[in-house]
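Visitor: Got a structure here, written out as C-alpha cells. Questions coming.
Only the coordinates and a few stated rules stand behind these numbers; no lab work does. A quick note: this is a predicted structure, and the numbers were derived from the prediction, not measured. Quick reminder, even Gly has a Cβ in these numbers, built from the backbone with ideal geometry, and neighbours come from all protein chains shown.
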Amino acid sequence: MTTQTIDRWRNGSSPWGHTWQKNMMWWFIVTDGILFAGFLCGYAYARQGSEAWPATDVFFSVILLTVMTFVLITSSATMACAVAASRAGDRLATRKFMRYTLAGGLGFLLMQAYEWWSVIGAGLRPGVNPNGDTLFGAYFFLVTGFHGTHVLLGLIVILVAYLRRRNEAAPLNPDGIELVGLYWHFVDLVWVVIFGCFYLI
C-alpha cells in the first residue's frame, strides 16, 4: 500500500489524480474561502447587534451593482471558454477568451472604483458613517477592498498567462490555464456571496 502511494506521487501526480499545483490551488481556495466567510460572519454579527444599521440603498445603486455582477459572471464564462479552448489546442481562441476575461475583470474594477468614489463622496469612511453605525463603513471597505484586491491579482495572473501564449513556439499548457480559471471562478463566486449578503439582505 505504501509503495503504491509513493508511486502515485511520482512525476508530479498525487493520490487524488491531480497535479500538486492543482491540489495547492484547491487548498488556497478553501483557506481563502474560510477567510472571506470569517469576514462575512463578523459583518453579520455586527449588523445583527446594531440598532442604527443603514439601509443599503442609502449609499449603493442596485443598477450599478447588478451590472458589476453581470460583468464579473460573464468574465467567468469567458475564462471557462479559454480553458476549454486550451484543452482543444486552439491557441487563438484561448487568447481571445482570455482578452474578454481581462476586459470583464478590468470593467468590474473600474465600476468598483466608481462605487468607492461615490460612497466616499457621500461621507462614508472606514470609521465614519453619517447615516448610522460606523462599523458599516469599516466592513464595506474591508470586504469589498479585500475582494477587489483578489480581482486585481487575478487580472495580473491572467495577463501574465496571456502574454506567455503570444509565443507560438511555447507550449499551450492547458493545466496552467485551468489553474488560473479555478482562481477566477473562485473570485466570481465570492462576489456573488458578497452581493447577496452585503447588498441584497
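Visitor: Counting other Cβ atoms within 10 Å, which trypsin sites (Lys or Arg not before Pro) in region 80-183 have at most 13 and lie in a DSSP loop? Intermediate results must be reported in sequence, preceding the final value.
Guide: On the way: sites: Arg87, Arg91, Arg95, Lys96, Arg99, Arg164, Arg165, Arg166; in loops: Arg165, Arg166.
Here the sparse-neighbourhood loop sites are Arg166.
Visitor: Could you tell me how many degrees, from 0 to 90 and to the nearest 10, lie between the Cα long axis of helix 135-164 and the main elongation axis, the longest principal axis, of the Cα atoms of the chain?
Guide: Result, in degrees: 30.
Visitor: Angle between the Cα long axis of helix 20-49 and the longest principal axis of the chain, 0 to 90 degrees, nearest 10?
Guide: On a 0 to 90 degree scale, this one is about 10.
Visitor: Here is a follow-up. With a point put 7 Å past each Cα toward its Cβ, work out how far Leu159 is from Ile34 in nm, to one decimal.
Guide: Result: 3.2 nm between the two label points.
Visitor: Hey, another quick one. Report the full-extension gain for the segment Arg166 to Ala113: residue separation times 0.36 nm, less the Cα-Cα distance, to one decimal in nm.
Guide: Value of the extension gain: 16.0 nm.
Visitor: Where the only charges are on Cβ atoms (+1 Lys, Arg; -1 Asp, Glu), what is the dipole of the chain about its Cα centre, to the nearest 20 debye? Display every interim value, and only then the final one.
Guide: On the way: 13 positive and 11 negative charges, 156 e Å.
That gives a dipole near 740 debye.
Visitor: For Arg125 and Phe146 in one chain, what is 0.36 nm times their gap in residues minus the Cα-Cα distance, to one decimal in nm? Kindly include the intermediate steps, with their values, before the conclusion.
Guide: Details: separation 21, 0.36 × 21 = 7.56 nm, distance 1.56 nm.
Residue separation times 0.36 nm, minus the Cα-Cα distance, leaves 6.0 nm.
Visitor: Give me the number: length gained by fully extending Ala77 to Asn23, i.e. 0.36 nm times residue separation minus the C-alpha to C-alpha distance, one decimal in nm. Please report the intermediate quantities before stating the final value.
Guide: Values: separation 54, 0.36 × 54 = 19.44 nm, distance 2.26 nm.
Gain in length upon complete extension: 17.2 nm.
Visitor: Can you tell me the 0 to 90 degree angle between the C-alpha axis of helix 174-194 and the longest principal axis of the chain, rounded to 10?
Guide: The angle comes out at about 20 degrees.
Visitor: Just in region 65-126: which chymotrypsin sites (Phe, Trp or Tyr not before Pro) are loop by DSSP and have at most 14 other Cβ atoms within 10 Å?
Guide: Details: sites: Phe70, Phe97, Tyr100, Phe108, Tyr114, Trp116, Trp117; in loops: none.
Loop-located and lightly packed - none at all.
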